[in-house]
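Participant: Please see the structure below; I have some questions.
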Amino acid sequence: MKIKFGWLDLLIYLVFIVFALVTLVPFTLAIMVSFSAESSVAMHGYKFIPEQFSLDAYKMIFQDSMVFNAYKVTIFVTVAGTFVSLLFSSLLGYMMSVQKVKYRNIIAFLIFIPIVFSAGLVPWYIVVSNVLHLKNTVWALILPLAISPFNVFLLRNYYKSISPALAESAEIDGAGPWYTFYKIMIPLSKPILATVGLFASLGYWNDFTTSLWLIDDRKLFTVQFLLYRINSMIAYMSQHANMSAVLLPSETIVFAMFLITIGPIILVYPYVQKYFVKGIMIGSVKG
Amino acid sequence: MKLTTSIAKELWTNRAYYLMALPGLLLLIAFAYLPYPGMLIAFKNFNPIQGIFGSPWSGFDNFKFLFSNDDILRITFNTFWINANQILWGTILAVVFAILLNEIKNNAVKKWFQSILFLPYFFSFVIVGKLILLIFANENGLANGLIQIFHGMPKEWYAVPEYWVKIIVSAGVWKNVGYSVIIYLAAITSINDEMMEAASLDGASRIQKIRYIMLPNLIPTIITLTLLAIGKIFFGDFALIYAIVENNGLLYPTTDVIETYIYRALINGGQEYGMITAIGLYQSILGFIVVLGSNWLVKRYDKDYSLF
């Protein structure tokens, strides 16, 4: 089959190339700055080719054990959080898709209400810190983000698209609901699980606002929150100029943290990408 | 009596399924429903020692105080305006990108473009703030560098509030567009192939197919996503805006939203829990009204498209 390459295709390529430039130019610049010497950045500004190559920023970051600890916390939070989130959300989504469960729509409504009506920050904060006592615990970083109503509905719609005959015949053969879920539904829903799993893990990996409210303990800093803290510390120091008389790798360090926070995600992405469209495709059919 | 027995019977017969829902529901109750009673604080002269229920009532004092200063109007408008622009441009761009991406026949290229569209979604907000700084820094920024190449006058970007709604909206759209593109792309892929082929046989051009088949088929998805977004239109994107503006007071006139305002009130040692909760209630009620209203409009247009 011969594919024609017309003016429309040219236009399409142009649009995406522009978007790619808008994304990749600052991205590359950020990485280049992270490998520059602080003094040359201070003197010559941000350059695509470092005037003076230097690993000082990275040395400074890794010299402190904090970043390793922050990695540990972030990896734990992301892995445990994604697991909890996927397990609970898929169970919820599956039960809401089963026709014979009479109150499934009441439960769907319960999940829907918080999307349109939330209690607000102060009541939420009081519950999390004074009722559930999660302040400065690792669970504060995991549990509040675990159930995303949007993801639950994506999962429900996916399970709805699987023929109920499958579960019925398993039941006739003597399988209980849990067995059916574990042995039939989970394998069949891999694409949507991969998609929702990626959204959930990105949510955990990039979250810094939860830490802002609930974490003071340095042992529980995540990489994103550490980056945020370093960034605001530098801002503070530059406002109180005499403190930065010694030229700390301040600008470069923030961009080095950038590479440190984003590296692992980019490495994982290709493995998940292939499931992507397929997963959402079936999940987002309106139902 | 009969009702309770029939409920009990249903719960017992399908106990395995209700048990499946339990852990997720418990989390939802803990983090979304338990805070609801706390909204009473809006009508109280709250102090932490007496707690939510023990603190004395203050009627509408918190609200009166809230609306007595001009800030509330400004931050409400800013919140609404930034979000409305993000919803509008975000939807347009996501739909356009999804359609264009679908038109690419070379699978390798398609995959590359899709990855690049999604790349900014990986960036944390702090980083987005720093990238914006790389571009708009008064000295050394990319934007001023470009202006100087064309012998223009460099601009003091970080001192002029007028630029920043556009910058924040663009940054938000740029960061999140990949996510919506995936959802729209999925909706396009689920369009019946036969319909497309029949159109081709009838001699429809690509543009015609986009206009008369794809777009109409995308409308339900567009409406659902927009309605969900409208529910949050009075809730500012704290992470994005705070990461970009930080504590630059010069930019507050256009960029200060409800969340950043509350954050400063709390950080500066304000103990105004009553007032802050009142703001939260005000946001939720406004959001609720807007969702109900737009849902009603959609329902009038076509019943099948509405959320509820």
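The values are calculated or read from the model by the stated rules, or taken from the named source; none is laboratory data. Nothing here was measured: the structure is a model prediction, and the numbers come from that model. As a convention, Cβ positions derive from the backbone with ideal geometry for all residues, glycine included, and neighbour counts pool all protein chains shown.
Participant: Residues in segment A:216-232: is at least one among the β-branched types (V, I, T), free of Cβ contacts under 8 Å to residues at least 24 places away in the same chain and surrounded by fewer than 21 Cβ atoms within 10 Å (Cβ to Cβ)? Steps first, please.
Facilitator: Going residue by residue through segment A:216-232, those that are among the β-branched types (V, I, T) are A:222-223, A:230.
Next cut, free of Cβ contacts under 8 Å to residues at least 24 places away in the same chain only: none.
Checked against the condition, which is being among the β-branched types (V, I, T), free of Cβ contacts under 8 Å to residues at least 24 places away in the same chain and surrounded by fewer than 21 Cβ atoms within 10 Å (Cβ to Cβ), segment A:216-232 yields no hits at all.
Participant: Restricting attention to segment B:1-29, report how many residues are crowded, with 18+ Cβ neighbours inside 10 Å and of a type outside the set (G, A, S).
Facilitator: Going residue by residue through segment B:1-29, those that are crowded, with 18+ Cβ neighbours inside 10 Å are B:14, B:17-18, B:20-21, B:24-25, B:27-28.
So of that shortlist, the ones also of a type outside the set (G, A, S) come out as B:14, B:17-18, B:20, B:25, B:27-28.
Residues in segment B:1-29 being crowded, with 18+ Cβ neighbours inside 10 Å and of a type outside the set (G, A, S): 7 in total.
Participant: Continuing with the same structure: Among (1) under 30 Å from B:L117 (Cβ atoms); (2) at pLDDT 85 or above; (3) not hydrophobic (A, V, I, L, M, F, W, C), which single condition is A:K72 missing?
Facilitator: Among (1) under 30 Å from B:L117 (Cβ atoms); (2) at pLDDT 85 or above; (3) not hydrophobic (A, V, I, L, M, F, W, C), A:K72 violates only (1).
Participant: So is A:F153 closer than 24 Å to B:Y18 by Cβ and either at pLDDT below 90 or surrounded by fewer than 22 Cβ atoms within 10 Å (Cβ to Cβ) (or both) or not? Even if it seems obvious, please write down each step before you answer.
Facilitator: Working: closer than 24 Å to B:Y18 by Cβ: yes; either at pLDDT below 90 or surrounded by fewer than 22 Cβ atoms within 10 Å (Cβ to Cβ) (or both): yes.
Yes.
Participant: Here's another thing I want to ask about it. Considering (1) within 24 Å of the chain's Cα centre (by Cα); (2) assigned to a helix (DSSP H, G or I); (3) buried (at least 23 other Cβ atoms within 10 Å of the Cβ), say which one A:I147 fails and leave the rest.
Facilitator: Among (1) within 24 Å of the chain's Cα centre (by Cα); (2) assigned to a helix (DSSP H, G or I); (3) buried (at least 23 other Cβ atoms within 10 Å of the Cβ), A:I147 violates only (2).
Participant: Looking at this structure, is B:G203 part of a loop (DSSP other than H, G, I, E, B) and exposed (fewer than 15 other Cβ atoms within 10 Å of the Cβ)?
Facilitator: Spelling it out, B:G203 is indeed part of a loop (DSSP other than H, G, I, E, B) and exposed (fewer than 15 other Cβ atoms within 10 Å of the Cβ).
Participant: When the residues of segment A:178-193 are narrowed to those that are within 12 Å of another protein chain (Cβ to nearest Cβ) and in contact (Cβ under 8 Å) with a residue 60 or more places away in the chain, which ends up surrounded by the most Cβ atoms within 10 Å (Cβ to Cβ)?
Facilitator: Taking segment A:178-193 and keeping what is within 12 Å of another protein chain (Cβ to nearest Cβ), we get A:178-182, A:185, A:191-192.
Filter again for in contact (Cβ under 8 Å) with a residue 60 or more places away in the chain, leaving A:181, A:185, A:191-192.
Working: A:F181: 23, A:M185: 22, A:P191: 19, A:I192: 27.
Applying the filter and picking the extreme gives A:I192.
Participant: Tell me the residue from B:A186, B:A229 that is surrounded by 14 or more Cβ atoms within 10 Å (Cβ to Cβ), facing chain A (nearest Cβ under 10 Å) and small (G, A, S), please.
Facilitator: Working: B:A229 fails: facing chain A (nearest Cβ under 10 Å).
Just one listed residue meets the conditions, B:A186.
Participant: Another one. Report, by residue number, each residue of segment A:16-52 that is over 29 Å from the mean Cα position of the chain (by Cα), within 11 Å of chain B (Cβ to nearest Cβ) and not in a loop (DSSP other than H, G, I, E, B).
Facilitator: Once the filter is applied, which keeps residues that are over 29 Å from the mean Cα position of the chain (by Cα), within 11 Å of chain B (Cβ to nearest Cβ) and not in a loop (DSSP other than H, G, I, E, B), segment A:16-52 yields A:V41, A:A42, A:M43, A:H44.
Participant: Still on this model: Any chance segment A:131-139 includes a residue that's assigned to a helix (DSSP H, G or I), under 30 Å from B:F235 (Cα atoms) and either modelled with pLDDT under 90 or assigned by TED's automatic domain parsing to the domain that holds A:M95 (or both)? Steps first, please.
Facilitator: Initially, segment A:131-139 is screened for residues assigned to a helix (DSSP H, G or I), giving A:131, A:139.
Filter once more, keeping what is under 30 Å from B:F235 (Cα atoms): A:131, A:139.
From what is left, the residues that are either modelled with pLDDT under 90 or assigned by TED's automatic domain parsing to the domain that holds A:M95 (or both) are A:131, A:139.
The answer is yes, given that some residue of segment A:131-139 is assigned to a helix (DSSP H, G or I), under 30 Å from B:F235 (Cα atoms) and either modelled with pLDDT under 90 or assigned by TED's automatic domain parsing to the domain that holds A:M95 (or both).
Participant: For the structure I just gave you, tell me whether B:T260 is of a type in the set (S, T, N, Q), buried (at least 20 other Cβ atoms within 10 Å of the Cβ) and either in a helix (DSSP H, G or I) or on the phi < 0 side of the Ramachandran plot (or both).
Facilitator: Details: of a type in the set (S, T, N, Q): yes; buried (at least 20 other Cβ atoms within 10 Å of the Cβ): yes; either in a helix (DSSP H, G or I) or on the phi < 0 side of the Ramachandran plot (or both): yes.
When the stated conditions are applied, B:T260 passes them.
Participant: Output the number of residues of segment B:169-200 satisfying the condition of being touching a residue at least 24 places away in the same chain (Cβ under 8 Å) and not in a helix (DSSP H, G or I).
Facilitator: Residues that pass the stated criteria total 1.
Participant: A further question on this structure: Is it true that some residue in segment B:96-114 is at pLDDT 90 or above, more than 11 Å from chain A (Cβ to nearest Cβ) and farther than 25 Å from A:G263 by Cα?
Facilitator: Within segment B:96-114, not a single residue is at pLDDT 90 or above, more than 11 Å from chain A (Cβ to nearest Cβ) and farther than 25 Å from A:G263 by Cα.
Participant: Being in a helix (DSSP H, G or I), over 19 Å from B:G129 (Cβ atoms) and under 20 Å from the mean Cα position of the chain (by Cα) is the requirement here; does B:L240 meet it? Give the derivation first.
Facilitator: Details: in a helix (DSSP H, G or I): yes; over 19 Å from B:G129 (Cβ atoms): no; under 20 Å from the mean Cα position of the chain (by Cα): yes.
It is false that B:L240 is in a helix (DSSP H, G or I), over 19 Å from B:G129 (Cβ atoms) and under 20 Å from the mean Cα position of the chain (by Cα).
Participant: Now a separate question. Which count do you get for residues in segment B:146-163 that are of a type in the set (V, I, T) and closer than 15 Å to B:L133 by Cα?
Facilitator: Taking segment B:146-163 as the starting set, the residues that turn out to be of a type in the set (V, I, T) are B:147, B:149, B:160.
Remaining after also requiring closer than 15 Å to B:L133 by Cα: B:160.
Summing the residues that are of a type in the set (V, I, T) and closer than 15 Å to B:L133 by Cα in segment B:146-163 gives 1.
Participant: Which condition number does A:S85 fail, the rest of (1) within 30 Å of A:L166 (Cα to Cα); (2) at pLDDT 90 or above; (3) surrounded by fewer than 22 Cβ atoms within 10 Å (Cβ to Cβ) being met?
Facilitator: Going through (1) within 30 Å of A:L166 (Cα to Cα); (2) at pLDDT 90 or above; (3) surrounded by fewer than 22 Cβ atoms within 10 Å (Cβ to Cβ) one by one, A:S85 breaks only (3).
Participant: If you don't mind, there's one more thing I want to ask. Among the residues of segment A:20-30, is there at least one that is under 30 Å from B:N102 (Cβ atoms), surrounded by 17 or more Cβ atoms within 10 Å (Cβ to Cβ) and among the β-branched types (V, I, T)?
Facilitator: Yes; the residues of segment A:20-30 include at least one that is under 30 Å from B:N102 (Cβ atoms), surrounded by 17 or more Cβ atoms within 10 Å (Cβ to Cβ) and among the β-branched types (V, I, T).
Participant: Condition first: within 14 Å of chain A (Cβ to nearest Cβ) and farther than 18 Å from A:G120 by Cβ. Now tell me which residues in segment B:40-66 satisfy that.
Facilitator: Correct list: B:N47, B:I49, B:Q50, B:G54.
Participant: Another question, then. Quick one: would you say A:G93 is small (G, A, S) and free of Cβ contacts under 8 Å to residues at least 24 places away in the same chain?
Facilitator: Working: small (G, A, S): yes; free of Cβ contacts under 8 Å to residues at least 24 places away in the same chain: no.
No; evaluated as a whole, the condition is false for this residue.
Participant: Does A:V77 count as surrounded by 19 or more Cβ atoms within 10 Å (Cβ to Cβ), assigned by TED's automatic domain parsing to the domain that holds A:A146 and assigned to a helix (DSSP H, G or I)?
Facilitator: yes
Participant: Of everything in segment B:236-247 that's at the interface with another protein chain (Cβ under 10 Å from one of its Cβ atoms) and not small (G, A, S), which residue is surrounded by the most Cβ atoms within 10 Å (Cβ to Cβ)? Before the answer, list the steps.
Facilitator: Pass one, segment B:236-247, residues at the interface with another protein chain (Cβ under 10 Å from one of its Cβ atoms): B:238-239, B:242-243, B:246-247.
Going one step further and asking which of them are not small (G, A, S), we end up with B:238, B:242, B:246-247.
Values: B:F238: 18, B:Y242: 24, B:E246: 16, B:N247: 14.
If we take residues in segment B:236-247 being at the interface with another protein chain (Cβ under 10 Å from one of its Cβ atoms) and not small (G, A, S), then B:Y242 is surrounded by the most Cβ atoms within 10 Å (Cβ to Cβ).
Participant: When segment A:97-141 is examined, which residues are found to be over 24 Å from B:K9 (Cβ atoms), surrounded by fewer than 18 Cβ atoms within 10 Å (Cβ to Cβ) and polar (S, T, N, Q)?
Facilitator: Of everything in segment A:97-141, those that are over 24 Å from B:K9 (Cβ atoms), surrounded by fewer than 18 Cβ atoms within 10 Å (Cβ to Cβ) and polar (S, T, N, Q) turn out to be A:S129, A:N130, A:N136, A:T137.
Participant: Regarding A:S163, is this residue among the small types (G, A, S), more than 7 Å from every other protein chain (Cβ to nearest Cβ) and out of contact with any Pro (no Cβ under 7 Å at 6 or more places or on another chain)?
Facilitator: Working: among the small types (G, A, S): yes; more than 7 Å from every other protein chain (Cβ to nearest Cβ): yes; out of contact with any Pro (no Cβ under 7 Å at 6 or more places or on another chain): yes.
The answer is yes for A:S163.
Participant: B:G280 - would you say it is under 26 Å from B:A171 (Cα atoms) and within 11 Å of another protein chain (Cβ to nearest Cβ)? Talk me through it step by step, then tell me what you get.
Facilitator: Values: under 26 Å from B:A171 (Cα atoms): yes; within 11 Å of another protein chain (Cβ to nearest Cβ): yes.
It is true that B:G280 is under 26 Å from B:A171 (Cα atoms) and within 11 Å of another protein chain (Cβ to nearest Cβ).
Participant: Can you tell me which of (1) without any contact (Cβ under 8 Å) to a residue 12 or more places away in the chain; (2) in a helix (DSSP H, G or I); (3) surrounded by fewer than 15 Cβ atoms within 10 Å (Cβ to Cβ) is the one B:A32 doesn't meet?
Facilitator: (3)
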